[in-house]
Amino acid sequence: MAILPPGSSRATPLSTTVVDSNIGALVHYEDDGSVILAVIISSKRDKFAVLNVRGRELELPRGRLYRLPPGTSVGGASTSARVEALKGIAEAIEREATSLDVKELWSFVHEDVHLYTVSELSKSYFGADIAEKHAGLRLALIRERVHFKRDKDGFEPRSAEVVDGLLRAEDARKRKMTVRDATIAFLAERMKDPLVAIPHDISENLVLIGEVAAGVAHTDPARQKEGKDLVHLCARQLKIADNLTIERQAFDVLVKIGHYTLNTNLSFIRHEIPTHFSHAVLNEAEMLATPLTVADFPEDERRFREDFTAKHAITIDDISTQDMDDAVTVEQTADGYELGIHITDVSWAIQPGTALDDVARRRATSLYCADRTVNMLPEMLSESKLSLRQGTVRPCLSVVVHLSQNLEIQGSRVVPSFVKVAQRYTYDDVDLLLEHDDPTVSLLYQISAACEEARIRNGAVKVHRREVVPFLEADGSIRLLEIEEESPARSLVAEMMVLANSIMAKFAADNQIPVIFRGQERPDAQATQAAHGVPEGPAKDFTARSKLKKSTMTFEPRHHAGLGLDAYIQGTSPIRRYMDLCHQRQFISFFHRSKPWITRTELEPLANEVEVYLNSAMLASRETRRFWLLRYLEQRPKGKPLEGTVVRQDTKSPLVELDEIYITVFVKSPRPMKIGQRVTLKVAMVDPLGDYVRLEAV
């Protein structure tokens, strides 16, 4: 900023005479954000030697100096005397700056918008351009930054709209600083007393720290920076090592104050998975009435539904399952058999546009984790009012299949119905009944086997997958439950659902009902040949799975190579999958009004929206399952060997599928390994939180 002759608004070339006249003049210069008062004591070409208020002498280029109007003299022959005089002047300037009302000044001039010099503003506000008042006004304008926009040595009044926005932003900043200080104070209190309650006003900051711990990628860089700055302050307060990653520091902060545990699921935070229902949603669920008998349902429901309550309906699920959405019936007829696959009608209870519908759409699916179940709908609905519980009447969407004596499908229909479950079975119950040749379940199994055989003849690919489900016990230990996907009972139920979905897909196609069809292209011939020569077992299964192409979503029927079907949808799990509920609405509306609930044009954006939520939920589910399986590895006795099978060896380190937990990991090995080779491993390091495990071949 140039030396300005008093009253001038633009820099002027300085002659020798002008230079001499500047000796003893008061100036401002800025250094590291501070405005410093000084007096010119000598000149040298384009530089001036100044003595500042701090008692330092230094040379500065004229461009850095702002000359104040003449007024107070800095007398005294000695340097110390001049410094004392400068201090007195600086104090007077500070008093002027502190007392000046910038908003009032702005109100005088903001309607005449142009770039003002400080001299102009000083004359307008004070009636004169006096050194100390001029300097105080300039200092106040530099500091305030709301009502005026600075342009070099001039200041332009901002519009009322801009000022209002800046004031709101400043208020928000001050509130954040207040809450930040309260957060730091809370941490100190919590370390003294773990029972100190979390103040409501800092809860959002704990959420922000949690987002940093989970590695949430914000679209707002300001929030990202705010979170990291907050974590650094909190980590320093709690003396957490600063050589950790910012994510680990954030996690340790929350663990140290007891807000998180070592088992807190960061995947749910990372993928923004809702885990609690609002009061509005719970109130809607509470208000939903479930009729006890068919006669209690409205007449229009009774009129278009078939009554299957006299049929012997059974459910088959895991022993822990409470959200039962499918049941089956089978009866002998004059020329064969009638199979019924009955899906609870969730669309009857959950209306579009309600709070329940909104939350189901946002969640997209239910998640079953080691430490919790996150239902798509509140428990009172998913596990009670809508669940096919034994002895209760439920509205359903039924798929009725007519079979010959040889168990060949002769025809099928889809129909709204009423069903009353007579018996609940677990998978173990059904496996035991099959061993004892129970006539009903044996017939169901024979039908499912015949359907599967027909699909395989049509090109279906049967791929074996080993899987375990982790459960968190009360003592913190991890229990593993091995899932036998090919057990007779599980195969029976899986085949019934495939059959129902394929028949519903054909019904939708035949009646031009818009639904989301699932398809899958056949593997390339080259990919199929890749499995030849791979030893039987986990390696061959892994190779076969890796060669399958990704399934697709379309609005037209498309062949599904993996299932060996010409048309397939998902519609048998409306309690736990939102798009299944939407498909159910399409069918029920078709029966009620002879037209679907929504058109294809309306269904497409809805399906795309739900798919985004569903992908996030599936990612969180996979990450969570892996987290708990790594926790299990962490809890295994140290030194206990772990067996596995090499399933891939075309990478830098061989990929091994582990026994016990059936996940794949890269293994450090001193020698080459062959695909299909069995290996014995030792666990060198496990970090479930960081999704890291290092295994070494023994």
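Tell me which residues, restricted to the stretch 305-332, are of a type outside the set (S, T, N, Q) and loosely packed, with under 12 Cβ neighbours inside 10 Å. Selection gives Ala310, Ile319.
Among the listed residues Gly644, Gly639, identify the single one that is outside the structural domain of Ile483 (by TED's automatic domain parsing), in contact (Cβ under 8 Å) with a residue 24 or more places away in the chain and crowded, with 18+ Cβ neighbours inside 10 Å. Please lay out each step first, then the result.
Details: Gly639 fails: crowded, with 18+ Cβ neighbours inside 10 Å.
Only one candidate passes the filter, namely Gly644.
Within the span defined as the stretch 397-410, every residue fails to be of a type in the set (A, V, I, L, M), surrounded by 14 or more Cβ atoms within 10 Å (Cβ to Cβ), assigned to a helix (DSSP H, G or I) and not assigned by TED's automatic domain parsing to the domain that holds Val656.
Figure legend. Inter-residue proximity from the stretch 191-203: first residues closer than 20 Å to Ala235 by Cα, second residues acidic (Asp, Glu) and modelled with pLDDT under 90, beta-carbon distance below 6 Å, spacing 6+ or different chains. No pairs are indicated. Just one of (1) surrounded by 14 or more Cβ atoms within 10 Å (Cβ to Cβ); (2) touching a residue at least 40 places away in the same chain (Cβ under 8 Å) fails for Val113. It is (1).
In a residue-by-residue description of the stretch 589-598, the property of being assigned by TED's automatic domain parsing to the domain that holds Pro395, without any contact (Cβ under 8 Å) to a residue 24 or more places away in the chain, surrounded by fewer than 14 Cβ atoms within 10 Å (Cβ to Cβ) and within 13 Å of the chain's Cα centre (by Cα) applies to no position. Condition (residue is among the basic types (Lys, Arg), assigned by TED's automatic domain parsing to the domain that holds Thr309 and in a loop (DSSP other than H, G, I, E, B)) applied to the stretch 437-455: is it met by at least one residue? Looking for residues that are among the basic types (Lys, Arg), assigned by TED's automatic domain parsing to the domain that holds Thr309 and in a loop (DSSP other than H, G, I, E, B), one finds none in the stretch 437-455, hence no.
Looking only at the stretch 422-480, how many residues end up being among the acidic types (Asp, Glu), loosely packed, with under 14 Cβ neighbours inside 10 Å and in contact with an Asp or Glu (Cβ under 6 Å, 6 or more places away or on another chain)? Spell out the reasoning first.
Initial filter on the stretch 422-480 (among the acidic types (Asp, Glu)): 428-429, 431, 435, 437-438, 452-453, 467, 473, 475.
Of the ones still in play, those that are also loosely packed, with under 14 Cβ neighbours inside 10 Å are 428, 435, 437, 453, 467, 473, 475.
If we keep only those that are in contact with an Asp or Glu (Cβ under 6 Å, 6 or more places away or on another chain) as well, we get none.
Residues meeting the conditions: 0.
Residues that are closer than 21 Å to Val255 by Cβ and either buried (at least 17 other Cβ atoms within 10 Å of the Cβ) or at pLDDT below 90 (or both) within the stretch 677-688 comprise Val686, Pro688, listed in sequence order.
Kindly check whether there is at least one residue in the stretch 468-485 that is hydroxyl-bearing (Ser, Thr, Tyr), within 29 Å of Asp325 (Cα to Cα) and assigned to a loop (DSSP other than H, G, I, E, B). No, there is no match, as no residue in the stretch 468-485 is hydroxyl-bearing (Ser, Thr, Tyr), within 29 Å of Asp325 (Cα to Cα) and assigned to a loop (DSSP other than H, G, I, E, B).
I'd like the full set of residues that are exposed (fewer than 12 other Cβ atoms within 10 Å of the Cβ), of a type outside the set (Ser, Thr, Tyr) and either closer than 20 Å to Pro194 by Cα or touching a strand residue (DSSP E or B) at 6+ places or on another chain (Cβ under 8 Å) (or both), limited to the stretch 216-261. Across the stretch 216-261, the qualifying residue is only Lys239. Among the residues of the stretch 541-566, the ones that are part of a loop (DSSP other than H, G, I, E, B), more than 28 Å from the chain's Cα centre (by Cα) and not acidic (Asp, Glu) come to 9 in all. Run Leu166 past the list (1) over 54 Å from the mean Cα position of the chain (by Cα); (2) outside the structural domain of Val35 (by TED's automatic domain parsing) and report the number of the one that doesn't hold. So the condition that Leu166 fails would be (1). Within the stretch 567-580, the set of residues being outside any loop (DSSP other than H, G, I, E, B) and of a type in the set (D, E, K, R) comprises Arg577, Asp580. For the stretch 530-588, which positions are over 15 Å from Ala509 (Cα atoms), of a type in the set (Val, Ile, Thr) and surrounded by fewer than 19 Cβ atoms within 10 Å (Cβ to Cβ)? Matches in the stretch 530-588: Val534, Thr552. For beta carbons closer than 6 Å, sequence separation of 6+ or different chains, a first residue in the stretch 679-694 that is part of a loop (DSSP other than H, G, I, E, B) and a second that is buried (at least 17 other Cβ atoms within 10 Å of the Cβ), the qualifying pairs are Pro688/Phe627; Pro688/Leu630; Pro688/Arg631.
Taking into account only those residues within the stretch 481-517 that are of a type outside the set (A, V, I, L, M, F, W, C) and more than 25 Å from His436 (Cα to Cα), which is surrounded by the most Cβ atoms within 10 Å (Cβ to Cβ)? Before the answer, list the steps.
First, the residues of the stretch 481-517 that are of a type outside the set (A, V, I, L, M, F, W, C): 482, 484-488, 490-491, 495, 501-502, 506, 510-512, 514.
Now narrow it down to the ones that are more than 25 Å from His436 (Cα to Cα): 501-502, 506, 510-512, 514.
Values: Asn501: 26, Ser502: 22, Lys506: 18, Asp510: 10, Asn511: 14, Gln512: 10, Pro514: 19.
So the residue we want is Asn501.
Taken together, Asp358, Asp428 contain a single residue that is out of contact with any strand residue (DSSP E or B) (no Cβ under 8 Å at 6 or more places or on another chain), within 29 Å of Ala450 (Cα to Cα) and either in the same structural domain as Thr290 (by TED's automatic domain parsing) or assigned to a strand (DSSP E or B) (or both), which is Asp428.
Cβ separations smaller than 6 Å between residues 6+ apart or across chains give the following pairs from the stretch 464-482 residues that are without any contact (Cβ under 8 Å) to a residue 12 or more places away in the chain to residues that are part of a loop (DSSP other than H, G, I, E, B) and surrounded by fewer than 11 Cβ atoms within 10 Å (Cβ to Cβ): Arg479/Glu473. Scanning the stretch 124-155 for residues that are farther than 17 Å from Glu30 by Cβ, small (Gly, Ala, Ser) and outside any helix (DSSP H, G or I) returns Gly127, Ala128. Scanning the stretch 22-34 for residues that are crowded, with 17+ Cβ neighbours inside 10 Å and over 14 Å from Pro61 (Cα atoms) gives Ala25, Leu26. Out of curiosity, is Asp101 assigned by TED's automatic domain parsing to the domain that holds Ala38, farther than 30 Å from Asp164 by Cβ and either out of contact with any Cys (no Cβ under 8 Å at 6 or more places or on another chain) or in contact (Cβ under 8 Å) with a residue 60 or more places away in the chain (or both)? No, not satisfied. Would you say Val612 is of a type in the set (A, V, I, L, M, F, W, C), without any contact (Cβ under 8 Å) to a residue 12 or more places away in the chain and either crowded, with 21+ Cβ neighbours inside 10 Å or assigned by TED's automatic domain parsing to the domain that holds Thr354 (or both)? Yes; evaluated as a whole, the condition is true for this residue.
The values are calculated or read from the model by the stated rules, or taken from the named source; none is laboratory data. Remember, it's a predicted structure, so these values are computed and weren't measured experimentally. Every residue, glycine among them, receives a Cβ derived from its backbone with ideal geometry; neighbour counts consider all protein chains shown.
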